[in-house]
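J.: Just dropping this structure here.
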Amino acid sequence: EFNDIKVKCNESKNDQIPMKERDESESSQIEIQINERISRSNNAVVFNLKEKSDSKTDLDNIKNLCNFILESNIIFKATRLGKKEEDSVRPIKLEFPNSLTKNNFMKNLKKLKNAPDDFKNLSIRHDMTPEEREKEKEIQRTAKNINETNNTASKNFFYAVRGPLWNRKNVKLVKRPK
């Protein structure tokens, strides 16, 4: 009986990846994810900013946006993402010199409520890794499902996704009267 267990154990060891190699591959993948998060920590993504015929006009629009929100033009780089197509507006990735400037920019986005018409319909988000975006979508889906199932039960509350990027969760909020 003991020999049977020993043989089965040896067979399963041969089928598996050695522990040392598995640990190294997992740790390297975690390291890659951390490096990607760090590289994106100074970035924001702007959606729905109308594309002009030349890139200089886009840059002027971004400078105006930064001046409006931060009251200064502190931006390191601005790049349109994706291929240019006829009917779609490509997002713009903004790279700030440091995360403090980016966070200050994100905190002052409430100023967009009083913005000129060019900036009224903008959506600005943190630059997230593909894994973070997928996790965000899943949390959004669960909030939407909860709201749809509880819609008839409670008309005074709704669920929304809140919290910092590393700790997003569904939160129960009170509906404001219209």
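The values are calculated or read from the model by the stated rules, or taken from the named source; none is laboratory data. What you see is a predicted model, and the numbers here were worked out from it, not measured in a lab. All Cβ positions, glycine included, derive from the backbone under ideal geometry; neighbour counts span all protein chains shown. All accessible areas refer to the heavy atoms of the entire protein, side chains included, with ligands and DNA or RNA removed. Shrake-Rupley method; radii C 1.70, N 1.55, O 1.52, S 1.80 Å.
J.: With a cut-off of at least 2 residues that are at pLDDT below 85 and not aromatic (Phe, Trp, Tyr), name the strands (runs of 3 or more DSSP E) lying wholly within segment 61-158. Let's see the steps before the verdict.
T.: Working: elements: 77-80, 92-95, 123-126.
In segment 61-158, 77-80 are the strands (runs of 3 or more DSSP E) which contain 2 or more residues that are at pLDDT below 85 and not aromatic (Phe, Trp, Tyr).
J.: Still on this structure, I have one more. Need pairs with beta-carbon distance below 7 Å; first residue farther than 10 Å from ALA78 by Cβ and within segment 39-61, second among the hydroxyl-bearing types (Ser, Thr, Tyr); sequence gap 6+ or separate chains.
T.: So the pair list comes out as ARG40/THR129; SER41/SER99; ASN42/SER99; PHE47/SER123; ASN48/SER123.
J.: Do we find that LEU109 is among the hydrophobic types (A, V, I, L, M, F, W, C), surrounded by 13 or more Cβ atoms within 10 Å (Cβ to Cβ) and in contact with a strand residue (DSSP E or B) (Cβ under 7 Å, 6 or more places away or on another chain) in this structure? First the steps, then the outcome.
T.: Numbers: among the hydrophobic types (A, V, I, L, M, F, W, C): yes; surrounded by 13 or more Cβ atoms within 10 Å (Cβ to Cβ): yes; in contact with a strand residue (DSSP E or B) (Cβ under 7 Å, 6 or more places away or on another chain): yes.
For LEU109, the condition - among the hydrophobic types (A, V, I, L, M, F, W, C), surrounded by 13 or more Cβ atoms within 10 Å (Cβ to Cβ) and in contact with a strand residue (DSSP E or B) (Cβ under 7 Å, 6 or more places away or on another chain) - is met.
J.: On to the next question. Here are some conditions: (1) open to solvent by 80 Å² or more (accessible area, probe 1.4 Å); (2) in contact with a strand residue (DSSP E or B) (Cβ under 6 Å, 6 or more places away or on another chain); (3) not polar (S, T, N, Q). GLU85 meets all but one. Which one does it not meet?
T.: With (1) open to solvent by 80 Å² or more (accessible area, probe 1.4 Å); (2) in contact with a strand residue (DSSP E or B) (Cβ under 6 Å, 6 or more places away or on another chain); (3) not polar (S, T, N, Q) applied to GLU85, the lone miss is (2).
J.: Out of the residues in segment 31-61 that are surrounded by 18 or more Cβ atoms within 10 Å (Cβ to Cβ) and among the aliphatic types (A, V, I, L, M), state the one that is nearest to PRO91 (Cα to Cα).
T.: Among them, the one singled out is VAL46.
J.: Go over the candidates PHE158, PHE119 one by one and state the one that is in contact (Cβ under 8 Å) with a residue 40 or more places away in the chain, open to solvent by less than 100 Å² (accessible area, probe 1.4 Å) and either touching a helix residue (DSSP H, G or I) at 6+ places or on another chain (Cβ under 8 Å) or closer than 24 Å to SER41 by Cα (or both).
T.: On the way: PHE158 fails: in contact (Cβ under 8 Å) with a residue 40 or more places away in the chain.
Exactly one residue qualifies, and that residue is PHE119.
J.: For LYS172, state whether it is more than 29 Å from GLU36 (Cβ to Cβ), in a strand (DSSP E or B) and open to solvent by 90 Å² or more (accessible area, probe 1.4 Å).
T.: Values: more than 29 Å from GLU36 (Cβ to Cβ): yes; in a strand (DSSP E or B): yes; open to solvent by 90 Å² or more (accessible area, probe 1.4 Å): yes.
Here the answer is yes, as LYS172 does meet what is asked.
J.: Among residues belonging to segment 1-60 that are at pLDDT below 70 and outside any helix (DSSP H, G or I), point out the one that is nearest to the chain's Cα centre (by Cα). Even if it seems obvious, please write down each step before you answer.
T.: The initial filter retains those residues of segment 1-60 that are at pLDDT below 70, namely 1-24, 54-55.
From the residues that got through so far, the ones that are outside any helix (DSSP H, G or I) too are 1, 16-18, 54.
Numbers: GLU1: 55, GLN16: 36, ILE17: 34, PRO18: 35, ASP54: 28 Å.
For segment 1-60, the residue satisfying everything is ASP54.
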